[in-house]
Amino acid sequence: VVRITVQSKRDLDFVSIEDHRAACLEPVVQLSGYRNGCYVSVGDRQTTYRIDHLRKGTRVIETEYYVDRSGQYVTGSCTATCTYAPAYRATEGVLTLNVSGTQTGSSK
């Protein structure tokens with residue numbers, strides 16, 4: 001589960017949040033559509049959340065992913081932008097994921 005926490009001191013309209021995921025992560029729900037009060041657009045490298053009205057305070061967005069292979073991976077940045085006022089923008093840096101474990105099942 002990936003959790004994105006957005007804190008705002010004022011109400012914002014038309015907010016776009018772009019979450020660039022690591023290469024080992026695949027979203028459990030791969031269809032785009034409205035979920036949890038925002039439009040979720042799933043792409044090959046990123047998941048974009050579009051929120052019509054973001055009230056001031058704290059909002060947490062959670063998305064479930066499958067981890068499909070072990071190794072060391074680097075995520076991309078996560079950026080929140082107010083679409084019509086791009087001066088209101090925040091970016092979170094990259095994270096390193098170390099995935100270890102064995103794969104279940106058999107391969108032939």
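Read-outs throughout are calculated quantities, based only on the coordinates presented, and are distinct from any laboratory measurement. Every value quoted in this text rests on a predicted model; they were computed, and no experiment measured them. Positions of Cβ are backbone-derived with ideal geometry, glycine not excepted, and every protein chain shown enters the neighbour counts.
Would you mind counting up the charge near V99? Only other residues with Cβ under 15 Å from its Cβ, with Lys and Arg at +1 and Asp and Glu at -1.
0
Compute the distance in nm between two label points, each set 7 Å from the Cα along the Cα-to-Cβ direction, one at F14 and one at T83.
Roughly 0.6 nm, to one decimal.
For Rg and Dmax of the Cα atoms in Å, the choices are (i) 14.7, 47; (ii) 15.6, 56; (iii) 12.0, 33; which was calculated from the structure?
(ii)
What is the spin-label model distance, in nm, from R3 to V60 if the labels are put 7 Å beyond Cα along the C-beta direction?
0.4
Once the convex hull of the C-alpha atoms of the stretch 7-49 is built, how many Å³ does it hold per residue, rounded to a whole number?
89
What net charge is computed for the residues neighbouring S77, neighbours being all others with C-beta under 14 Å from the C-beta of S77, Lys and Arg scored +1, Asp and Glu -1?
0
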